[in-house]
Amino acid sequence: MRRISGGKQFFCFRCVLAFFFLFSSGLSAEESPAAGTEEGLVCPITLEEAIVLALNGNLELKQQQLELSYREKEALSSWNAFLPDISLSGGLRNSHGFGPSAASGTDVTLSGGISLTLAAGIAETLQQAKIARSSALVSYAQAELDLICDVKTRFYALLSDKENLVLLEESLQLARSQEDFVRRNYQNGLASELEYLRSRYAAASIEPQLTNARRLYRQAIRDFCLLLGIPEETRLDPADRLEPVLPEVRLPADTQALIDRRGDVMLAVLAVENAESELSASRWNRFGPSVSFHENLSVGDFTAPRDLSGNGSFSVSVSIPLGGYIPGSQQALASERSRVNLEQAKIALENTRTAAGQEVLSLFNTIQDITETFAINRMNETFAARAYELSRAGFDAGLVSQTDLEIARQDFLSARYTVIAAVTQYRSSLAELAHALNVSEEALWAENTTTGRGNAE
């Protein structure tokens with residue numbers, strides 16, 4: 001997968017964020033009347049801008065980048081398996097003689113050696129380095145996709161929370177307006193004290209809900225900033241809207257092929273390949289010989305340059321591990337462990353494929369359920385809005401009680417929130433389904449899926 005760099009767009013957007021953050025901080029600290037309140041300077045952000053910020057600033061993704069960088073260097077340096085061990089040593093010996101004929105003196109020696117051992121399974125060691133690099137590449141690409149999906153679902157949740165705040169604020173305004181109307185009637189003797197107290201409680205009970213919703217929304221914004229890798233104090237404002245339009249979704253005809261190209265499935269395939277390489281290496285090392293080359297050089301008696309002398313030696317040895325032929329030996333158990341690891345990796349691959357298929361079908365069925373019931377939810381919203389309108393008119397005319405009007409208001413707001421929740425769940429599920437298949441959301445729309453199927457099997 002190619003990384004979305006953002007380039008100049010990312011740099012300009014970070015500058016805008018920094019300007020808003022610094023200016024709003026200074027204003028709040030000095031003279032802003034919004035300090036400590038819900039109001040203040042905010043930085044609007046779209047979903048595309050949030051994705052660019054996350055891909056360039058998310059800390060977990062940066063960790064994956066470091067791991068990928070190391071694995072690439074490791075693969076490029078796999079030739080060091082043929083690098084010999086080189087050693088150099090020096091020595092100083094001083095002899096002390098006692099007696100008239102005893103000799104005394106100092107000897108300085110220098111020696112060096114080169115040794116190289118080639119095991120039978122060295123080719124598999126090189127292969128495992130390549131597999132490790134491929135796994136790192138897949139892991140990084142999958143981390144990017146996971147991050148994009150996480151940003152989308154959180155962004156949609158923020159939009160839903162924002163709409164919920166608007167609903168609660170509207171609910172509070174309606175309740176206060178209703179309270180003011182009942183208060184005037186009560187003062188004029190047209191409403192009972194009980195009705196007035198009920199209207200006051202209806203308005204007062206919404207305020208704690210609104211305060212709690214605002215607190216949760218601020219915390220969600222801070223968490224979202226941390227996900228994007230920007231200061232958590234940044235006052236972001238999701239600029240998009242949750243449009244109540246749910247396109248029909250179908251699964252592509254090549255769904256199984258898309259599942260096989262998923263990151264988790266590809267990692268499981270690479271794990272099987274690595275286990276096969278480890279098993280082959282263990283068998284080579286168990287039964288195959290190893291060849292060692294040694295070259296040693298030594299020079300001594302530096303204190304007497306005229307008598308300076310040295311010698312060298314070269315040797316080749318072949319070692320055949322006989323222990324591998326003995327059942328129950330360490331070499332035999334190591335080979336058996338590698339065989340078991342391979343079988344477990346194959347089972348894990350099948351489980352991963354099965355789980356991926358179940359995830360895709362579950363998400364698809366969720367989207368189908370939301371789509372099928374959405375028309376009813378919209379109808380309920382329309383009916384609830386009309387019922388509240390008629391109830392309000394009847395209440396003003398003295399034909400509807402305070403309790404019935406409050407029930408109509410709550411039903412109306414509940415119906416609106418049900419629609420918002422359905423749109424949010426649809427958008428989040430569609431983003432997760434597109435992520436599960438590694439395709440764009442538009443590619444899953446029925447109008448763009450000419451060979452797909454409309455029902456989960």
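Residue 120 - would you say it is at pLDDT below 85, within 30 Å of residue 273 (Cβ to Cβ) and among the small types (Gly, Ala, Ser)? Spell out the reasoning first.
Working: at pLDDT below 85: yes; within 30 Å of residue 273 (Cβ to Cβ): yes; among the small types (Gly, Ala, Ser): yes.
It is true that residue 120 is at pLDDT below 85, within 30 Å of residue 273 (Cβ to Cβ) and among the small types (Gly, Ala, Ser).
If I filter segment 296-307 down to residues being at pLDDT below 80, of a type outside the set (Gly, Ala, Ser) and out of contact with any Ser or Thr (no Cβ under 6 Å at 6 or more places or on another chain), which single residue comes out as most open to solvent (accessible area, probe 1.4 Å)? So that I can check it myself, show each step before the final result.
We begin by selecting, within segment 296-307, every residue at pLDDT below 80; these are 299-307.
Then keep just the ones that are of a type outside the set (Gly, Ala, Ser); that gives 299, 301-303, 305-307.
Subset that is out of contact with any Ser or Thr (no Cβ under 6 Å at 6 or more places or on another chain): 299, 301-302, 305-307.
Details: 299: 53, 301: 43, 302: 91, 305: 102, 306: 232, 307: 99 Å².
The residue in question is 306.
I'd like to know if segment 121-130 contains one or more residues that are free of Cβ contacts under 8 Å to residues at least 12 places away in the same chain, polar (S, T, N, Q) and either touching a Pro at 6+ places or on another chain (Cβ under 7 Å) or surrounded by fewer than 20 Cβ atoms within 10 Å (Cβ to Cβ) (or both).
No, that holds for no residue.
Restricting to segment 393-410, what's the tally of residues that are more than 49 Å from the chain's Cα centre (by Cα), in a helix (DSSP H, G or I) and buried (at least 16 other Cβ atoms within 10 Å of the Cβ)?
Filtering segment 393-410 down to residues more than 49 Å from the chain's Cα centre (by Cα) leaves 393-402.
Next, from what is left, pick out any that are in a helix (DSSP H, G or I): 393-396, 402.
Filter again for buried (at least 16 other Cβ atoms within 10 Å of the Cβ), leaving 395, 402.
The number of residues fulfilling the criteria is 2.
Give 258, 251, 236, 246 a once-over and let me know the one that is open to solvent by less than 40 Å² (accessible area, probe 1.4 Å), out of contact with any Ser or Thr (no Cβ under 6 Å at 6 or more places or on another chain) and over 23 Å from residue 352 (Cα atoms). Can you show your working first?
Working: 258 fails: over 23 Å from residue 352 (Cα atoms); 251 fails: over 23 Å from residue 352 (Cα atoms); 246 fails: out of contact with any Ser or Thr (no Cβ under 6 Å at 6 or more places or on another chain).
Only one candidate passes the filter, namely 236.
Checking the condition at pLDDT 90 or above, part of a helix (DSSP H, G or I) and open to solvent by 40 Å² or more (accessible area, probe 1.4 Å), which residue from 218, 198 passes?
218
Report the residue count in segment 158-177 for those that are surrounded by fewer than 19 Cβ atoms within 10 Å (Cβ to Cβ) and among the aliphatic types (A, V, I, L, M).
The number of residues fulfilling the criteria is 4.
Can you confirm whether segment 222-245 contains a residue that is under 30 Å from residue 148 (Cβ atoms), more than 22 Å from the chain's Cα centre (by Cα) and part of a helix (DSSP H, G or I)?
No: zero hits.
Any residue at all in segment 425-447 that's surrounded by 14 or more Cβ atoms within 10 Å (Cβ to Cβ), among the polar types (S, T, N, Q), farther than 30 Å from residue 139 by Cβ and in contact (Cβ under 8 Å) with a residue 60 or more places away in the chain?
no
Considering only residues of segment 277-295 that are in a helix (DSSP H, G or I) and either under 14 Å from residue 321 (Cα atoms) or modelled with pLDDT under 90 (or both), which is farthest from the chain's Cα centre (by Cα)?
Keep residues of segment 277-295 that are in a helix (DSSP H, G or I), which gives 277-287.
Now narrow it down to the ones that are either under 14 Å from residue 321 (Cα atoms) or modelled with pLDDT under 90 (or both): 281-287.
Values: 281: 34, 282: 35, 283: 38, 284: 39, 285: 39, 286: 41, 287: 44 Å.
Per the stated criteria, the residue is 287.
So residue 236 ticks every box in (1) touching a Leu at 6+ places or on another chain (Cβ under 6 Å); (2) over 30 Å from residue 346 (Cβ atoms); (3) not charged (D, E, K, R) but one. Which box is left unticked?
The number of the failed condition is (1).
Kindly indicate whether residue 355 is at pLDDT 95 or above and touching a Lys or Arg at 6+ places or on another chain (Cβ under 8 Å).
Numbers: at pLDDT 95 or above: yes; touching a Lys or Arg at 6+ places or on another chain (Cβ under 8 Å): no.
No; evaluated as a whole, the condition is false for this residue.
The values are calculated or read from the model by the stated rules, or taken from the named source; none is laboratory data. What you are looking at is a predicted structure, and each value in this text was computed from that prediction instead of being measured. So basically every Cβ, Gly included, is an ideal-geometry build from the backbone, and we count neighbours across all protein chains shown. Note: areas computed on protein heavy atoms with side chains; ligands, DNA, RNA excluded. Shrake-Rupley method; radii C 1.70, N 1.55, O 1.52, S 1.80 Å.
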